[in-house]
Amino acid sequence: MAADQPIPYSHKKHVAMGLECAGCHTMPGKGEAATYPAESTCMQCHTSVKKESPAIKLLSKFAEEKKPVPWLRIYKLPEYVWFSHKIHTKDAKCTQCHGDVASKDVLLKEKPIDMNSCMNCHDEHKASNECNLCHNPA
Ligand code: HEC
Ligand code: HEC
Ligand code: HEC
Ligand code: HEC
Ligand code: HEC
């Protein structure tokens, strides 16, 4: 499933510059979401870098209009599943659930996030697999 993103952003190029995952994917509050970066984060460089490129012109337009770039979502759980990035990234690495993002120009869904994949890892780490843990948390 190749995502046809509105702007051809490359993880490979940007991570190679030394940018960190957490710098763009902040996990506010309880850390449920890993979030997409604010356009102002991109503009720290792109007000000058490659500003004549059509892709960067489009990016600047979103930033000026204060509209989020409509990135296509790749990993998405149904509403009835509770998941927290903050808890899972204490120990697990991003690669474990999303593959080797740093080497990719275009991200695809590489790893499953279905119930079995959650439960297998919970079994391995002796974490609970009570239905309510993921479906009806207190
Ligand atoms: C400069 C900012 C930036 C950095 C640094 C960055 N990302 Fe991203 N990330 C993005 C943007 C923009 C998107 C949306 C476009 C896309 O999917 O390629 C995205 C999308 C993703 C997605 C797909 C989310 C979804 O389901 O739609 C994953 C997973 C991800 N990043 C993981 C990582 C990891 C892991 C790292 C560090 C190795 C990282 N990112 C570093 C900006 C960044
Ligand atoms: C630390 C500075 C920096 C940040 C922050 C940054 N970029 Fe870049 N970006 C660059 C540089 C440098 C290049 C040129 C890389 C190359 O050509 O090898 C580039 C290239 C690009 C290109 C390719 C443009 C073209 O036409 O070749 C796109 C698209 C892009 N960036 C989007 C983004 C987006 C979206 C964000 C925010 C999520 C972002 N960048 C954040 C430095 C940055
Ligand atoms: C234990 C598995 C797991 C780990 C580890 C993990 N993720 Fe995720 N990620 C998911 C799942 C599941 C979703 C879908 C969440 C949803 O739909 O609520 C997701 C969604 C995302 C998204 C889409 C936007 C959002 O807020 O949900 C981004 C971006 C992302 N992950 C980045 C990262 C980064 C960066 C790391 C490492 C710091 C990371 N993930 C570590 C499982 C994981
Ligand atoms: C990489 C292994 C791994 C994967 C994959 C994984 N988990 Fe977990 N999960 C854990 C571990 C370990 C804990 C216990 C963490 C702790 O108590 O510090 C945990 C804890 C949880 C909790 C309890 C958090 C809390 O609030 O106390 C929930 C809910 C959860 N996981 C949901 C999910 C869902 C949903 C998925 C699949 C989309 C998933 N997990 C995939 C390892 C994983
Ligand atoms: C570690 C997290 C986790 C636990 C524990 C868990 N589930 Fe799930 N469940 C998920 C995820 C993620 C999905 C959505 C993805 C999918 O359908 O595989 C899901 C989906 C479902 C669905 C919808 C399936 C469908 O095909 O529409 C049902 C029903 C369900 N779970 C029942 C249960 C029951 C019953 C238990 C306890 C025995 C349980 N779940 C325990 C993570 C979990």
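Bear in mind that the values in this text are calculations on the coordinates, not laboratory data. The shown structure was predicted, so the numbers you read here are calculated from the model rather than taken from an experiment. Reconstructed Cβ throughout: ideal geometry from the backbone, glycine too, with neighbour counts over all protein chains shown.
Overview of results
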| read-out | value |
| --- | --- |
| Pick from segment 84-97, criterion surrounded by fewer than 13 Cβ atoms within 10 Å (Cβ to Cβ) and part of a loop (DSSP other than H, G, I, E, B), ranking: farthest from ligand 4 (Cβ to nearest atom) | Lys93 |
| Residue list for segment 57-94, restricted to those being within 17 Å of Thr41 (Cβ to Cβ) and either among the polar types (S, T, N, Q) or in contact with a Ser or Thr (Cβ under 7 Å, 6 or more places away or on another chain) (or both) | Ser60, Ala63 |
| Pick from segment 83-138, criterion within 20 Å of Gly29 (Cβ to Cβ) and β-branched (Val, Ile, Thr), ranking: nearest to ligand 3 (Cβ to nearest atom) | Thr89 |
| Where a residue in segment 88-109 is touching a residue at least 60 places away in the same chain (Cβ under 8 Å) and its partner, wherever it lies, is in a helix (DSSP H, G or I) and surrounded by 13 or more Cβ atoms within 10 Å (Cβ to Cβ), with Cβ under 6 Å and at least six apart | Cys94/Cys21; Val101/His11; Ala102/Val15; Ser103/Lys12; Lys104/His11; Lys104/Lys12; Asp105/Lys12 |
| Subset tally (residues that are within 9 Å of ligand 1 (Cβ to nearest atom), within 27 Å of Ile87 (Cα to Cα) and in contact with a Phe, Trp or Tyr (Cβ under 9 Å, 6 or more places away or on another chain)) for segment 1-33 | 2 |
| Filter result (exposed (fewer than 13 other Cβ atoms within 10 Å of the Cβ) and either more than 15 Å from Ile74 (Cβ to Cβ) or away from ligand 5 (no atom under 15 Å from the Cβ) (or both)) within segment 98-112 | Asp100, Ser103, Asp105, Leu108 |
